[in-house]
Amino acid sequence: MNGDDEDRADALFHALADRTRRDIMRRVLAGEHSVSALAEKYDMSFAAVQKHVAVLENAGLLTKRRSGREQLASGDVAAVRSVSSLLTELEQVWRGRIARIDELIALDSTKED
């Protein structure tokens, strides 16, 4: 990964590190919601929900559009897939390391025999 990819990964994981933002993502991936309708679901101010939505939008996980006075938010499935790809890549690295440790343990145990 280059520097831009790392910055993108940082933004994605930062956005998803918060429970409220993950819940917002579940909602907007299921269908488009107005930001005001989203805000009604949480025990926090409208401005706080707007900030959460902005973090998700800045990370590219959701998009907003205007419809009259409402701001409508939709989840970006492609962005969520990119998070999945990053996690798969990390899993493969760790599986490789674990396999190497297993090989070293097996090699060490054959030396002791």
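The values are calculated or read from the model by the stated rules, or taken from the named source; none is laboratory data. This is a predicted model, so every value here is computed, not measured. Because the Cβ atoms are built from the backbone with ideal geometry, glycine has one as well, and the counts that use them run over all protein chains shown. Note: areas computed on protein heavy atoms with side chains; ligands, DNA, RNA excluded. Shrake-Rupley method; radii C 1.70, N 1.55, O 1.52, S 1.80 Å.
Leaving out ligands, DNA and RNA, and with a 1.4 Å probe, what % of the accessible surface on the chain is carbon or sulfur?
Working: 3970 of 7800 Å².
Heavy-atom surface of the chain belonging to carbon and sulfur, 1.4 Å probe: 51 percent.
Put +1 on the Cβ of every Lys and Arg and -1 on every Asp and Glu Cβ in the chain; which of HIS33, ALA15, VAL53 then has its Cα farthest towards the positive end of the dipole? Going by the charge dipole, the pick is HIS33.
So if the hydrodynamic radius of the chain is defined as the Kirkwood radius over C-alpha pairs, what does Stokes-Einstein give as its diffusion coefficient at 37 °C and 0.692 mPa s, in µm² per second? Please report the intermediate quantities before stating the final value.
Numbers: Rh = 16.4 Å.
Answer, rounded: 201 µm²/s.
Just tell me which lysines come within less than 29 Å, Cα to Cα, of LYS41; anything on the same chain fewer than 8 places away is out. Within the straight-line limit of under 29 Å, LYS41 reaches these lysines: LYS51, LYS64. Under the simplified labelling scheme, the GLU40-ARG26 pair shows an inter-label distance of 1.9 nm, with each label point 7 Å from Cα along Cα→Cβ.
Leaving out ligands and nucleic acids, note down the accessible area per residue over the chain with a 1.4 angstrom probe, in whole Å². Walk me through the numbers on the way to the answer.
Working: 7800 Å² over 113 residues.
Heavy-atom accessible area per residue stands at 69 Å².
Along the positive direction of the dipole of the chain (beta-carbon charges: Lys, Arg +1; Asp, Glu -1; about the Cα centre), which of ALA99, TYR42, GLY75 reaches farthest? Selected residue: TYR42. Protein-only accessible surface at a 1.4 angstrom probe places the residues LEU56, LEU107, LEU29 in the order LEU107, LEU29, LEU56, largest first. Over the residues of the chain, the helix contribution to mean residue ellipticity at 222 nm works out to -24000 deg cm²/dmol, using -39500 (n - 2.57) for each DSSP H run of at least 4. Under 10 Å from the Cβ of GLY60, count the other residues' Cβ atoms, weight Lys and Arg +1, Asp and Glu -1, and hand me the total. Cβ neighbours under 10 Å give a net charge of -1.
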